[in-house]
1. List every residue pair whose Cβ atoms sit under 7 Å apart, with the two residues 6 or more apart in sequence or on different chains, where the first one lies in the range 24-38 and is assigned by TED's automatic domain parsing to the domain that holds residue 12 and the second, anywhere, is assigned to a loop (DSSP other than H, G, I, E, B) and surrounded by 15 or more Cβ atoms within 10 Å (Cβ to Cβ).
2. Residue 54 is checked against (1) in contact with a strand residue (DSSP E or B) (Cβ under 9 Å, 6 or more places away or on another chain); (2) at negative phi and fails just one. What number does that condition carry?
3. Based on what the data block shows, is residue 15 out of contact with any strand residue (DSSP E or B) (no Cβ under 9 Å at 6 or more places or on another chain), closer than 24 Å to residue 142 by Cα and loosely packed, with under 13 Cβ neighbours inside 10 Å?
4. Exactly one of (1) at negative phi; (2) assigned by TED's automatic domain parsing to the domain that holds residue 167; (3) touching a residue at least 40 places away in the same chain (Cβ under 8 Å) is unmet by residue 63. Its number?
5. Scan the range 31-52 residue by residue and report those that are surrounded by fewer than 15 Cβ atoms within 10 Å (Cβ to Cβ) and in a helix (DSSP H, G or I).
6. Inspect the range 13-24 for any residue being touching a helix residue (DSSP H, G or I) at 6+ places or on another chain (Cβ under 7 Å), over 30 Å from residue 128 (Cβ atoms) and modelled with pLDDT of 90 or more and give the result as yes or no.
7. Only one of (1) in contact with a strand residue (DSSP E or B) (Cβ under 9 Å, 6 or more places away or on another chain); (2) surrounded by 16 or more Cβ atoms within 10 Å (Cβ to Cβ) is not met by residue 66, so which one is it?
């Protein structure tokens, strides 16, 4: 009964939405598809999930236990930066990566503005009515939140989450991650053109419907 209750199993249970595919769950939690296939097989054999027109969770009450487990684990080993990108999947609230992280997501990780691993803010748009709930969620993992980026020397850890409350927002999915629409991302990048010139050039080459004046090209090594 307990042998399948490991970290990856709990992450799958927390991220799984009815009808998801194995590949879809793997993208959500940034794991290898074959690894998640084996995890899902174990969960299915143990009776936690079924496969009926996509994956289905048999009993959602176990997700509360899974979240408690991950939060307890975070008290011993704080979430890494890749894990911090996955955590919002487990909050059961709407969100979208925005600002710098929208550029990061839309370039599929191809462009990452300089962020010090010891001072790493994540930028997330959330429903304004959920602002306090988001703060409480990240607090369970020891991650501070604010509506503005905070100075690193005032924080205990490297990661912080900048919450951008909105009355409404659109989302699109890129590699399993919810993100603000492409055109809004391009508008943000254009607003800070000096920082995102190379990203705009990359986006212009990746997507036909992006019109940008960026002419940046990497110099040959």
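The values are calculated or read from the model by the stated rules, or taken from the named source; none is laboratory data. Please read all numbers here as calculations on a predicted model, not as lab measurements. Because the Cβ atoms are built from the backbone with ideal geometry, glycine has one as well, and the counts that use them run over all protein chains shown.
1. As it stands, the answer is 24/176; 25/16; 27/176; 28/176, since those pairs meet every condition given.
2. The number of the failed condition is (2).
3. no
4. (2)
5. Start the filter on the range 31-52 by keeping residues that are surrounded by fewer than 15 Cβ atoms within 10 Å (Cβ to Cβ), which leaves 32-35, 37-38, 41, 45, 47, 50-52.
Once the filter is applied, which keeps residues that are surrounded by fewer than 15 Cβ atoms within 10 Å (Cβ to Cβ) and in a helix (DSSP H, G or I), the range 31-52 yields 33, 34, 35, 37, 38, 41, 45.
6. There is at least one residue in the range 13-24 that is touching a helix residue (DSSP H, G or I) at 6+ places or on another chain (Cβ under 7 Å), over 30 Å from residue 128 (Cβ atoms) and modelled with pLDDT of 90 or more.
7. All conditions are met except number (1).
Yes/no matrix, rows are residues, columns are (1) closer than 24 Å to residue 89 by Cα; (2) touching a residue at least 12 places away in the same chain (Cβ under 8 Å); (3) not assigned by TED's automatic domain parsing to the domain that holds residue 21:
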position: 174; (1), (2), (3): yes, yes, yes
position: 178; (1), (2), (3): yes, yes, yes
position: 182; (1), (2), (3): yes, yes, yes
position: 192; (1), (2), (3): no, no, yes
position: 197; (1), (2), (3): no, yes, yes
